[in-house]
Amino acid sequence: MHIIYIYQISFTTTKLLNAKANIKIMFTDKLLLKINNITRRLTQRVPAVAPPCEPLSSTLYFSTMREKFDGKGERDEKSCSMKIYLDACCLNRPFDEQNQQRIHLEAESILIILNHFYNHEWEWIGSEALEIELENTPNIEKRDSLLKLAACVHKLIEIRDRELDRAKRLEEIGFKPFDAMHISCAESGKADILFTTDDKFLKTALKMNDKLNVRVANPLLWLTEILLNENRTDKSVSDSSDRY
């Protein structure tokens with residue numbers, strides 16, 4: 001009797017573990033499908049009028065002003081309200097195992113940001129430093145996908161003496177080499193914000209905030225902050241309308 005009971009528990013546990021593994025694979029596949037679709041759209045020639053783009057997340061997606069294009073179908077830089085730099089951790093997020101809620105939500109937030117890049121609502125600042133770091137990705141298939149995605153940046157910052165000197169100074173105050181180079185390139189590209197999911201990077205950036213010329217933030221927390229601010233604004237407008 002005990003042997004049968006133990007066998008049943010073992011069999012049930014195995015089924016649960018298999019089911020959990022299948023769910024994890026499902027989440028990863030969905031995210032990869034989304035990021036592949038975005039990459040394909042980003043690499044396509046931008047039409048004269050931006051086509052409507054379906055939300056990538058029903059829970060986190062929010063809309064901003066639609067991009068204005070000039071007659072040639074090129075991006076009108078004046079209409080881009082934000083210049084954003086993504087580090088390697090951010091681009092890797094949708095390819096990470098989605099078994100933790102934080103990782104999954106951060107992956108969704110990156111997809112939302114990429115969606116805004118596709119619509120040309122925000123400007124994507126990239127760099128040679130990012131490409132070099134992605135080149136070191138061990139998994140060949142993952143590396144190819146990441147490099148293809150990184151090639152879609154709107155503006156690429158080259159590594160010159162200016163960027164190297166700035167990165168060296170940042171290393172001296174506690175930043176890791178690649179983190180220092182990302183900050184340096186983001187500053188050269190006049191980015192409004194640099195996104196990373198690396199907690200150590202964020203902690204150092206917060207500590208050295210007064211020495212940086214770009215804000216460093218977690219993409220998920222930043223998007224949440226934007227949503228809260230939009231909700232407060234909407235509520236304020238609604239309350240004002242009710243009074244009149």
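The values are calculated or read from the model by the stated rules, or taken from the named source; none is laboratory data. Worth saying up front: this structure is predicted, and the values here are computed from it rather than measured. In this analysis, Cβ positions are derived from the backbone assuming ideal geometry, glycine residues included, and neighbour counts consider all displayed protein chains.
Test ALA167 against the stated conditions and say whether it is out of contact with any strand residue (DSSP E or B) (no Cβ under 8 Å at 6 or more places or on another chain) and without any contact (Cβ under 8 Å) to a residue 60 or more places away in the chain.
Yes, satisfied.
Any chance the stretch 71-93 includes a residue that's modelled with pLDDT of 90 or more, within 18 Å of ASP198 (Cβ to Cβ) and surrounded by fewer than 20 Cβ atoms within 10 Å (Cβ to Cβ)?
yes
For residues in the stretch 105-135 being under 11 Å from the mean Cα position of the chain (by Cα) and of a type in the set (Val, Ile, Thr), which is surrounded by the fewest Cβ atoms within 10 Å (Cβ to Cβ)?
ILE112
Looking only at the stretch 143-163, how many residues end up being more than 18 Å from LEU114 (Cα to Cα) and small (Gly, Ala, Ser)?
0
Could you list, ordered by first residue, the pairs with Cβ atoms under 6 Å in which the first is in the stretch 94-114 and in contact (Cβ under 8 Å) with a residue 60 or more places away in the chain and the second is small (Gly, Ala, Ser) and in a helix (DSSP H, G or I), at least 6 apart or interchain?
PRO94/ALA107
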